[in-house]
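For reference, the structure is listed below as structure tokens.
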Amino acid sequence: MEELSKPCLAEVIAVTRSYENGRVRALRGIDLRIEEGDFVAITGSSGSGKTTLLQMLGGLDTPDSGEVRFRGQALSAIRDLSSFRARKVGFVFQSFHLLATLTACENVQVPMVESPLPTKEREKRAIQLLDEVGLAERIHHRPSELSGGERQRVAIARSLANEPDLLLADEPTGNLDRESTSMVMELLTRIHRKNGMTLILVTHDPSAAAYAHRQVRMSDGLIDPNAPNPPAVTP
Ligand code: ADP
Ligand code: MG
């Protein structure tokens, strides 16, 4: 029997975004549908608009025209976008964005500031998350005492702090060697499978993109319709 299409988690509809008074057109009309539980890689050369698109999906930036929807709701209609991000979206960045003065365990608790969990429970959850990413022995280390791969695993644990529905990773292996790259990609794949969350990975590394279920290629602010895995577009 043919598989029915899964419910839609996020939808990008005719989104444009430019910078410098329109001189730089980062997104020139993007349509993209992301299904619940999907694992999508967004690829494309540097400057093609990947980060801008990811920021739209995570409510970190807003379109000049067009709309982004999350479970059918327009992000532009959400009054408190920062609370939306904290509850629904996890972010992983190329340069980790860990706080240097905090231990791994404390870094993982940063997104829990608005969580109703008591302090002890937050700490317990952080330790559990660090265990899940294979860093049980590193919970009291500061970023400077960790390798690049370990730092990124702390950042991944942090991204899961509030059990997001959507995990956005922007070049998460961009600063890592081959070995750490495969470790981080295997970890993201395992987390995706186990938690059933939706994962969007921006990368220009084909070996990292190959972990995804489908790939969307960007080129000069547009989705490349000739890429091998063309995205499903809203009818
Ligand atoms: P990618 O992540 O694929 O490298 P980006 O989305 O970061 O691409 O950038 C797309 C285009 O928008 C590039 O030309 C970039 O220089 C430009 N751009 C991105 N952010 C800004 C900004 N804050 N101000 C001006 N130009 C920007
Ligand atoms: Mg980028």
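The values are calculated or read from the model by the stated rules, or taken from the named source; none is laboratory data. Predicted, not measured: the structure shown is a model, and the values here were computed from it. Here the Cβ positions follow ideal geometry from the backbone for every residue, glycine too, while neighbour counts run over all protein chains shown. With ligands, DNA and RNA removed, areas are computed over all heavy atoms of the protein, side chains included. Shrake-Rupley method; radii C 1.70, N 1.55, O 1.52, S 1.80 Å.
Listing for the model above:
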quantity: Size of electric dipole in region 32-134: Cβ of Lys, Arg +1 and of Asp, Glu -1, about Cα centre, debye, nearest 20; calculated: 160 debye
quantity: Added length on full extension, which subtracts the Cα-Cα distance from 0.36 nm per residue, residue 145 to residue 163; calculated: 3.8 nm
quantity: Highest average packing first - 206-215, 27-36, Cβ atoms within 10 Å; calculated: 27-36, 206-215
quantity: Orientation-averaged projected area, Cα convex hull of region 137-235 (nm²); calculated: 8.1 nm²
quantity: More than 20 Å apart - percent of Cα-Cα pairs taken over region 70-144; calculated: 41 percent
quantity: Leading residue at positive end of dipole, region 45-87 (Cβ point charges), from 52, 66, 84; calculated: 84
quantity: Förster radius 22 Å - calculated FRET efficiency between residue 178 and residue 227 (Cβ-Cβ, nearest 0.05); calculated: 0.30
quantity: Lysine pair number, Cα distance threshold 28 Å (strictly under), the chain, separation 8 or more or different chains; calculated: 10
quantity: Residue of 148, 72, 49 that the Gaussian network model of the chain assigns the largest fluctuation, springs spanning Cα pairs under 10 Å; calculated: 72
quantity: Convex hull volume per residue for region 36-88, taking Cα atoms only, in Å³; calculated: 100 Å³
quantity: Alpha-carbon Rg/Rh ratio, for the chain, with Rh computed the Kirkwood way; calculated: 0.97
quantity: Part-to-part distance (alpha-carbon centres) for region 76-137 and region 6-27, which is given in Å; calculated: 27 Å
quantity: Solvent-accessible area of residue 219 with every protein chain in place, 1.4 Å probe, in Å² to the nearest 10; calculated: 60 Å²
quantity: Listed residues 119, 62, 52, most fluctuating in the chain (Gaussian network, C-alpha, under 10 Å); calculated: 119
